Amino acid sequence: MKAILIIIGLSLFSGKVVSQTNEIVNPKGKWFFGVEMGTNKINLFPSGKTKTSFQGGFLTEYYFARHWSVSGKIKYFETGVSFNQPNSSLFGIPLTYGGSGTFKGNVIAIPIYIKWEFRVYKNLGANLKLGYAFNIETKSTYSNYSSNLSTDFPKQYGSVNAGVGLNYFINKKMAVYLDIEKYNGSNKGHTESIFGETSYAVENVLMSFGLKYSFK
């Protein structure tokens with residue numbers, strides 16, 4: 001929470017130190033470099049609940065058109081998933097096959113997005129983005145796993161990511177932004193029933209406040 005307040009404070013301070021512009025900023029052809037931090041919501045950790053932690057990262061973004069850009073990030077955050085399904089049967093007929101496990105880890109994610117940014121009011125814009133992320137687990141802890149389940153999962157994997165956000169250009173060189181991104185990770189186990197197999201994958205929702213700057 002303190003880190004988020006620092007970003008907000010820097011944003012407000014930058015608005016006073018760097019004169020704001022009254023003209024509509026066209027960022028086409030510019031590179032922006034930024035820093036961001038915020039909250040990380042871990043879904044299904046433990047099973048059916050959520051956990052919130054801190055996350056941060058760096059941004060590089062290039063506007064190849066007024067309303068379109070390609071961006072890359074380096075993010076660091078916690079992740080995890082927990083599940084527990086007991087054996088069950090009806091009149092001696094198996095309905096579910098037991099399985100349980102708890103995974104906790106840390107991830108360095110490198111996402112690349114294509115972003116569409118549309119104007120809301122003057123230099124305030126909203127955006128939608130879609131991309132792909134390469135993820136590296138720097139910490140992987142498996143506990144309470146059933147003997148019938150393997151924990152031999154890859155530490156590097158790809159994922160399709162999506163996000164929404166707001167962006168405000170203070171002037172031609174500086175902007176502040178808010179991003180909400182969903183990161184889908186790899187499967188960390190499964191359970192079975194008469195209706196089929198259920199897989200349990202890590203899932204994170206990151207809310208980031210950032211400040212970006214163009215040297216051009």
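Yes or no: K75 at pLDDT 95 or above, charged (D, E, K, R) and within 30 Å of Y213 (Cα to Cα)?
yes
Going through the range 137-176 one residue at a time, which ones are open to solvent by 20 Å² or more (accessible area, probe 1.4 Å), within 17 Å of E117 (Cβ to Cβ) and without any contact (Cβ under 8 Å) to a residue 60 or more places away in the chain?
Passing the criteria: A162, V164, L166, Y168.
Being crowded, with 19+ Cβ neighbours inside 10 Å and modelled with pLDDT under 95 is the filter here; which residues of the range 105-122 pass it?
Answer for the range 105-122, where residues must be crowded, with 19+ Cβ neighbours inside 10 Å and modelled with pLDDT under 95: just G105.
Run K182 past the list (1) without any contact (Cβ under 8 Å) to a residue 40 or more places away in the chain; (2) among the basic types (K, R); (3) open to solvent by less than 50 Å² (accessible area, probe 1.4 Å) and report the number of the one that doesn't hold.
(3)
The values are calculated or read from the model by the stated rules, or taken from the named source; none is laboratory data. Owing to the predicted nature of the structure, the values given are computational and were not obtained by experimental measurement. No Cβ is skipped: glycine too gets one built from the backbone with ideal geometry, and neighbour counts run over all protein chains shown. The protein model used for the area step is the full one, side chains on, heavy atoms only, and it has no ligands, DNA or RNA in it. Shrake-Rupley method; radii C 1.70, N 1.55, O 1.52, S 1.80 Å.
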